[in-house]
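Q: There's a structure below that I have some questions on.
The values are calculated or read from the model by the stated rules, or taken from the named source; none is laboratory data. All values reported here derive from a predicted model rather than from experimental measurement. Quick reminder, even Gly has a Cβ in these numbers, built from the backbone with ideal geometry, and neighbours come from all protein chains shown.
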């Protein structure tokens, strides 16, 4: 389902202004000029959703090793955990997908499907119970 320009702008405005070394434009500048670039960004996000792919440039991450606990030996590699810093737009795409998935899971269609499934399971269990009761008599 394509994302609208207004929803994308809302997601971008409500996103933290953190920045990655991979971002071609500072996040604050992107937010400030969003009214100019929103149509392009909306097309970019929708193309990603339509093709179920993320642009190659957005798959890169800056990985920083962080010591798991301060008291651990810093010379032992296994005492570190990787922290991946993705580009701002790849995080925006993640937020769009998360929003759409949440909306779907909360939708009436989803609950109707699972409520029917639960009814079928209950009916099946009753049938099995009845069959075992009959066979034991």
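Yes or no, residue by residue, for (1) touching a helix residue (DSSP H, G or I) at 6+ places or on another chain (Cβ under 6 Å); (2) at pLDDT 80 or above; (3) outside any helix (DSSP H, G or I):
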| position | (1), (2), (3) |
| --- | --- |
| 85 | no, yes, yes |
| 91 | no, yes, no |
| 101 | no, yes, no |
| 114 | no, no, no |
| 118 | no, no, no |
| 124 | no, no, no |
| 128 | no, no, no |
| 131 | no, no, no |
| 134 | no, no, no |
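Q: Would you please name the residue that is farthest from residue 98 (Cα to Cα), looking only at residues in segment 33-56 that are surrounded by fewer than 11 Cβ atoms within 10 Å (Cβ to Cβ) and over 18 Å from the mean Cα position of the chain (by Cα)?
A: 36
Q: Can you name the residue in segment 69-80 that is surrounded by 11 or more Cβ atoms within 10 Å (Cβ to Cβ) and touching a strand residue (DSSP E or B) at 6+ places or on another chain (Cβ under 8 Å) and, of all such residues, is farthest from residue 34 (Cα to Cα)? Break it down into steps so the answer makes sense when it comes.
A: Residues of segment 69-80 that are surrounded by 11 or more Cβ atoms within 10 Å (Cβ to Cβ), as a first pass: 72, 79-80.
In the following step, the residues that additionally are touching a strand residue (DSSP E or B) at 6+ places or on another chain (Cβ under 8 Å) were identified as 79-80.
Numbers: 79: 41, 80: 38 Å.
The selected residue is 79.
Q: Show the residue pairs that are 6+ apart or on different chains and have beta-carbon atoms under 6 Å apart, the first residue being within segment 86-109 and on the phi < 0 side of the Ramachandran plot, the second being surrounded by 14 or more Cβ atoms within 10 Å (Cβ to Cβ) and assigned to a loop (DSSP other than H, G, I, E, B).
A: 87/20; 87/22; 87/23; 88/23; 96/3
Q: For segment 1-46, enumerate the residues that are assigned to a loop (DSSP other than H, G, I, E, B), without any contact (Cβ under 8 Å) to a residue 24 or more places away in the chain and under 25 Å from residue 64 (Cα atoms).
A: Matches in segment 1-46: 16, 17, 24, 25, 26.
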